[in-house]
Structures are given as C-alpha cells and as structure tokens.
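Asks: Questions regarding the structure given below will be posed in turn.
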Amino acid sequence: MYLKSLTLRGFKSFASATTLNFEPGITCVVGPNGSGKSNVVDALSWVMGEQGAKTLRGGKMEDVIFAGTTGRAPLGRAEVSLTIDNTDGALPIEYTEVTISRTMFRSGGSEYAINGNPARLLDVQELLSDSGIGREMHVIVGQGQLDTILQATPEVRRGFIEEAAGVLKHRKRKEKALRK
Ligand code: ATP
Ligand code: MG
C-alpha cells in the first residue's frame, strides 16, 4: 500500500485544482516559506477525516476553504481526493486502487466518498483503521512536534511509540477490562 496521488481544489492556498503524484518510496516536497508545503500535509489529514481545526492550523473548520487573495475571490468549497494503491490488499476493500474524497461547503458539513460512492466519516475511519494511516495516528509528525516528543517524559514518549506500533489500543482495552 502506498499513496498514489493527492488532488486539492479550493483547499487552503490551492485555489485551482492541483494534483500531486507520488511514487513508492520517499517523496520530498520542497518550496519557499509560505508556499503551501504544510497545507499539503493538512490536506492529507483532512481527507482522512481529521475533525480538529487546530490540528489543521486553523481557528475553525471552514478555514480550510480558499479564503481569497488580492487577485482572486474566495471559494465556497474545498475538495481533496486521495488515491491509495491497494494492490497488496492492506485496505479491507475489494479494489486495487482506492480514492477517498472529502468536500466541505462554507455553509458547513462535510461529504465523503469512497471510489465515488457517498460514504460516512465512519466508513472512511473503518477503512483506514488497521492500515497504520488515518486520524489520530502519529504517522504525521507536524512542524514543532518533534520538539514535543523529544522533551516528553519517558512515559509519554512510550505512548507515542506504542500508538505508532499499534499496541496502544490493546493496552487501553486491557486497562478498561481490568477496571471492570
Ligand atoms: P514554511 O516553510 O514556513 O513551513 P509552508 O510551505 O509550510 O511554509 P504553508 O503553511 O503550507 O507554508 O502555507 C501557508 C500559506 O497558506 C499562507 O500564505 C497562508 O496565507 C495560506 N493559506 C492558509 N489557509 C488559506 C486559505 N484558507 N485560503 C488562502 N490561503 C491560505
Ligand atoms: Mg510548513
């Protein structure tokens, strides 16, 4: 499984439709300050169902919609599509390629689709939940977050590692069972 492409339309600074194609292996996104590198990473979290405006470096959810510049009017909707290669079947779905899309209107509300079929947030979360990507997984390390991890207490740091390794959910389940 690997990320194949990401298309942004009206998302943050990407007013016009922009597609980034990725190959297996490491991809570097390089550009001057303020050119939109972090916005690309925000789009990745957002399309996978991120619900926190702060995580997306905004004050409210609609801050992800292109707000306009001196030469260009604001837009009414943001759209992001992420295509994942699933030839190894890591995602529990009968397709070798999976496209997850999310659209949000300024009037509020998000719509999701999986391979063009309308889906709920829960469907997206379930699709990604055992794949090692998706919401609340520390696979996306934000700017400044490295510092937080380095300065954390050993217990907190262990929590990060356990979550990345997929052990944390089992530990939480065990602790809950023991409390009963
Ligand atoms: P750095 O190298 O400093 O980390 P970067 O390449 O990561 O920079 P981003 O943070 O991705 O840059 O992009 C910031 C730019 O995105 C700013 O110019 C900001 O005005 C613009 N931006 C953010 N949200 C919106 C929005 N809703 N509409 C229009 N532009 C936006
Ligand atoms: Mg940045």
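Asks: Any residue in region 32-61 that's on the phi > 0 side of the Ramachandran plot: show its pairings with residues that are within 15 Å of ligand 2 (Cβ to nearest atom) and not in a loop (DSSP other than H, G, I, E, B) at Cβ separation under 8 Å, as long as the two are six or more apart or on different chains.
Replies: Listed pairs, sorted by first residue: G36/F14; R57/S38; R57/D42.
Asks: Here is a follow-up. Suppose we keep only residues that are away from ligand 1 (no atom under 15 Å from the Cβ) and surrounded by fewer than 19 Cβ atoms within 10 Å (Cβ to Cβ) within region 28-59. Which one would you say is nearest to P118 (Cα to Cα)?
Replies: By that ranking, first place goes to Q51.
Asks: Quick check on my filter: what residues within region 18-27 are away from ligand 1 (no atom under 15 Å from the Cβ), farther than 19 Å from T96 by Cβ and modelled with pLDDT of 95 or more?
Replies: Within region 18-27, T19 is the sole residue that qualifies.
Asks: To continue, here is another question. Going through region 139-176 one residue at a time, which ones are of a type in the set (D, E) and touching a residue at least 40 places away in the same chain (Cβ under 8 Å)?
Replies: none
Asks: Assuming E163 fulfils every condition listed in (1) in a helix (DSSP H, G or I); (2) on the phi > 0 side of the Ramachandran plot apart from one, which condition is it?
Replies: (2)
Asks: Have a look at L75, L121 and point out the one that is at negative phi and surrounded by fewer than 16 Cβ atoms within 10 Å (Cβ to Cβ).
Replies: L121
Asks: Give the residue, chosen from L146, L122, that is in the same structural domain as S38 (by TED's automatic domain parsing) and either closer than 21 Å to V64 by Cβ or modelled with pLDDT under 85 (or both). Working first, answer last.
Replies: Working: L146 fails: in the same structural domain as S38 (by TED's automatic domain parsing).
Result of the check over L146, L122: L122.
Asks: Further question: Criterion first (more than 16 Å from ligand 1 (Cβ to nearest atom) and touching a strand residue (DSSP E or B) at 6+ places or on another chain (Cβ under 7 Å)) does L128 satisfy it? Break it down stepwise before answering.
Replies: On the way: more than 16 Å from ligand 1 (Cβ to nearest atom): yes; touching a strand residue (DSSP E or B) at 6+ places or on another chain (Cβ under 7 Å): no.
So L128 fails the test.
Asks: So which residues in region 145-160 are hydrophobic (A, V, I, L, M, F, W, C) and either loosely packed, with under 13 Cβ neighbours inside 10 Å or in a helix (DSSP H, G or I) (or both)?
Replies: Matches in region 145-160: L146, I149, L150, V156, F160.
Asks: Inside region 1-90, counting only strands (runs of 3 or more DSSP E) that do not spill past its ends, which hold 3 or more residues that are more than 16 Å from ligand 2 (Cβ to nearest atom), within 18 Å of F105 (Cα to Cα) and not small (G, A, S)?
Replies: Output list reads 77-85.
Asks: Inside region 135-160, can you point out the residues that are of a type in the set (G, A, S) and at negative phi?
Replies: If the condition is that a residue be of a type in the set (G, A, S) and at negative phi, then G142, A152, G159 are the ones that fit.
The values are calculated or read from the model by the stated rules, or taken from the named source; none is laboratory data. Quick caveat: nothing in here was measured; it's all calculated off a predicted structure. Counting neighbours? That spans all protein chains shown, and the Cβs are built from the backbone with ideal geometry, glycine included.
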